[in-house]
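See structure below.
The values are calculated or read from the model by the stated rules, or taken from the named source; none is laboratory data. Source: prediction; values computed, not measured. Cβ placement follows ideal geometry from the backbone for every residue including glycine, while neighbour counts extend to all protein chains displayed.
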Amino acid sequence: MKKLRFAVLGAGAGGQTMAAFLTEKGYPVRLYDHNPTRIQQLQTLKTIRATGKWTCQGTPEQITDSLPQALDGADIILVVTTTDAHSTIARQCAPYLRDGQIILLNPGHVGGALEVRHILLEERACSARVIIAETGDLMFACRMVQEGEIFQSGIKQHVAVAALPASDTPRLMEVLGPIFPSLHPVGSILETGFEGGGAMLHPIPSLMNLNRMDRAQDYDYYIDGITPSIARLVSACDCERLAVCRALGLEVSSLVVSLQKTYGLEQTELYDLLQHNAAYRGLKSPMNLEHRFIIEDLLCGIVPLASIGAELGVETPIMNAFIEIGSVVCGRDFRAQGRTAEKLGLSRKTPEQIQALIR
């Protein structure tokens, strides 16, 4: 039986871990990144090592900054870039895709699979019949020590995954389930992308601590950076997320309930819960406005939620306020650049039409 071939797109901590993990399991892997300096360093090292909660090491058959080379012969395309790069990756991949390939966004954030499918089918008229899927979170809890050496800070036992449409999820799990036992299939990409409240916890506290960032003052992000007042803002924004989800016919947990379940906590107020969460202690703050807590979570978290909310008649004043604040301080138009309902193929669609689209 032919062994599956993988293309791993993105050579950050997650992508390098993925490449080492799969290579050690004996799968042919080609690792791609658009950064030639990083690629040159990894080509010199050859072997990538993961240490920490678990260890592995592997030597990809190719490490390249050429996307066509990485995709050549690949059965599975694992996209492990930041989520704001998904649109670029989709456009660049379109000419090289072939029937039967699986594209897995790891993770998809809010609407990742929708954005990729819309670009491939509507913008690029890609005729290849591929499976497009996304996870709700990065499969590995990891950080880079240095190029080629990744520290694993935790083992994720349950990572939600769904294909678009959901009817493709059984085939996805048939292929990838035995390789990644942490993958847990859910009903649709609404559950992988819209259920998480991470986008609430990142841009708002970061922007509310701009004075510290301007002065290059680091601080304990969750413990010192989120005061009772900032926590109330985050909670108010999370209420808007819940309202958008209800309009889509999706009942999801609040940010507080999600954190309670994840970390085994009992506090019912967000501020108190964060203060008692030992896992959040010592996590450092963003030091510049290009940090993913601001850029990625506005473009691919807050903007799509607010845009879909507007389509469905759900008011999102807190989200809208921070989109505007972020645009001013970062000098860019997040609303225009982000994942709007139009870019996701959801413009002028009813909740029933959206459900039909994803099923």
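Look at Ile189 and say whether it is in the same structural domain as Gln157 (by TED's automatic domain parsing) and either surrounded by 21 or more Cβ atoms within 10 Å (Cβ to Cβ) or of a type in the set (Val, Ile, Thr) (or both).
On the way: in the same structural domain as Gln157 (by TED's automatic domain parsing): yes; either surrounded by 21 or more Cβ atoms within 10 Å (Cβ to Cβ) or of a type in the set (Val, Ile, Thr) (or both): yes.
So Ile189 fits the description; yes.
Determine whether Ala236 is crowded, with 20+ Cβ neighbours inside 10 Å and at negative phi.
Details: crowded, with 20+ Cβ neighbours inside 10 Å: no; at negative phi: yes.
Here the answer is no, as Ala236 does not meet what is asked.
Can you name the residue in the stretch 271-284 that is aliphatic (A, V, I, L, M) and more than 8 Å from Tyr222 (Cα to Cα) and is also surrounded by the most Cβ atoms within 10 Å (Cβ to Cβ) among such residues?
First, pick out the residues of the stretch 271-284 that are aliphatic (A, V, I, L, M): 273-274, 278-279, 283.
Next, from what is left, pick out any that are more than 8 Å from Tyr222 (Cα to Cα): 273, 278-279.
Values: Leu273: 20, Ala278: 8, Ala279: 14.
Ranking the qualifying residues of the stretch 271-284, first place goes to Leu273.
Suppose we filter the stretch 111-139 for residues that are within 19 Å of Ile302 (Cβ to Cβ) and either part of a helix (DSSP H, G or I) or modelled with pLDDT of 95 or more (or both); how many remain?
Going through the stretch 111-139 one residue at a time, the tally reaches 6.
Quick one: what pairs do we get from the stretch 65-85, first residue at positive phi, second surrounded by fewer than 20 Cβ atoms within 10 Å (Cβ to Cβ), C-beta under 9 Å, 6+ apart or different chains?
From residues that are at positive phi, the pairs are Gly73/Arg5; Gly73/Pro28.
Could you say which residue among Thr51, Thr37 is assigned to a helix (DSSP H, G or I) and surrounded by fewer than 24 Cβ atoms within 10 Å (Cβ to Cβ)?
Details: Thr51 fails: assigned to a helix (DSSP H, G or I).
Selected residue: Thr37, the only one of Thr51, Thr37 that is assigned to a helix (DSSP H, G or I) and surrounded by fewer than 24 Cβ atoms within 10 Å (Cβ to Cβ).
In the stretch 68-76, is there at least one residue being surrounded by fewer than 24 Cβ atoms within 10 Å (Cβ to Cβ) and touching an Asp or Glu at 6+ places or on another chain (Cβ under 9 Å)?
No, the stretch 68-76 contains no residue that is surrounded by fewer than 24 Cβ atoms within 10 Å (Cβ to Cβ) and touching an Asp or Glu at 6+ places or on another chain (Cβ under 9 Å).
Suppose the filter is over 29 Å from Thr227 (Cα atoms) and among the hydrophobic types (A, V, I, L, M, F, W, C); does Ala199 pass it? Steps first, answer last, please.
Details: over 29 Å from Thr227 (Cα atoms): no; among the hydrophobic types (A, V, I, L, M, F, W, C): yes.
For Ala199, the condition - over 29 Å from Thr227 (Cα atoms) and among the hydrophobic types (A, V, I, L, M, F, W, C) - is not met.
Each row is one residue, and each column tells you yes or no for (1) closer than 20 Å to Ala141 by Cβ; (2) at pLDDT 95 or above; (3) out of contact with any strand residue (DSSP E or B) (no Cβ under 9 Å at 6 or more places or on another chain).
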{"residue": "Phe6", "(1), (2), (3)": "no, yes, no"}
{"residue": "Pro28", "(1), (2), (3)": "no, yes, no"}
{"residue": "Asp33", "(1), (2), (3)": "no, yes, no"}
{"residue": "Ile39", "(1), (2), (3)": "no, yes, no"}
{"residue": "Arg49", "(1), (2), (3)": "yes, yes, no"}
{"residue": "Gly52", "(1), (2), (3)": "yes, no, no"}
{"residue": "Thr59", "(1), (2), (3)": "no, yes, no"}
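For the stretch 334-350, what are the residues that are farther than 12 Å from Val244 by Cβ and within 21 Å of the chain's Cα centre (by Cα)?
Just the residues of the stretch 334-350 that are farther than 12 Å from Val244 by Cβ, to begin with: 334-340, 342-345, 347-350.
Residues satisfying the conditions are Phe334, Arg335, Ala336, Gln337, Gly338, Arg339, Thr340, Glu342, Lys343, Leu344, Gly345.
Looking at (1) in a helix (DSSP H, G or I); (2) touching a helix residue (DSSP H, G or I) at 6+ places or on another chain (Cβ under 7 Å); (3) surrounded by fewer than 15 Cβ atoms within 10 Å (Cβ to Cβ); (4) among the hydrophobic types (A, V, I, L, M, F, W, C), which is the only condition Met287 fails?
(1)
A quick yes/no check of all residues on (1) closer than 25 Å to Arg215 by Cα; (2) at pLDDT below 95:
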site	(1), (2)
Thr262	no, yes
Pro286	yes, yes
Leu298	yes, no
Ile318	no, no
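Quick one: in the stretch 162-176, of everything that is touching a helix residue (DSSP H, G or I) at 6+ places or on another chain (Cβ under 6 Å) and farther than 11 Å from Leu357 by Cα, which residue is surrounded by the most Cβ atoms within 10 Å (Cβ to Cβ)?
Ala162
Only one of (1) touching a helix residue (DSSP H, G or I) at 6+ places or on another chain (Cβ under 7 Å); (2) among the acidic types (Asp, Glu); (3) free of Cβ contacts under 8 Å to residues at least 40 places away in the same chain fails for Glu115. Which number is that?
(3)
So Gln69 passes all but one of these: (1) touching a Lys or Arg at 6+ places or on another chain (Cβ under 8 Å); (2) outside any helix (DSSP H, G or I); (3) polar (S, T, N, Q); (4) at pLDDT 95 or above. Which condition number does it fail?
(2)
If you check Leu270, Leu299, Leu305, which single one turns out to be closer than 15 Å to Ile204 by Cα and more than 20 Å from the chain's Cα centre (by Cα)? I'd like the intermediate steps shown before the answer.
Details: Leu299 fails: more than 20 Å from the chain's Cα centre (by Cα); Leu305 fails: more than 20 Å from the chain's Cα centre (by Cα).
The match here is Leu270.
Does Ser153 meet the test of being of a type in the set (S, T, N, Q), over 21 Å from the mean Cα position of the chain (by Cα) and on the phi < 0 side of the Ramachandran plot?
Values: of a type in the set (S, T, N, Q): yes; over 21 Å from the mean Cα position of the chain (by Cα): no; on the phi < 0 side of the Ramachandran plot: yes.
No: the conditions fail for Ser153.
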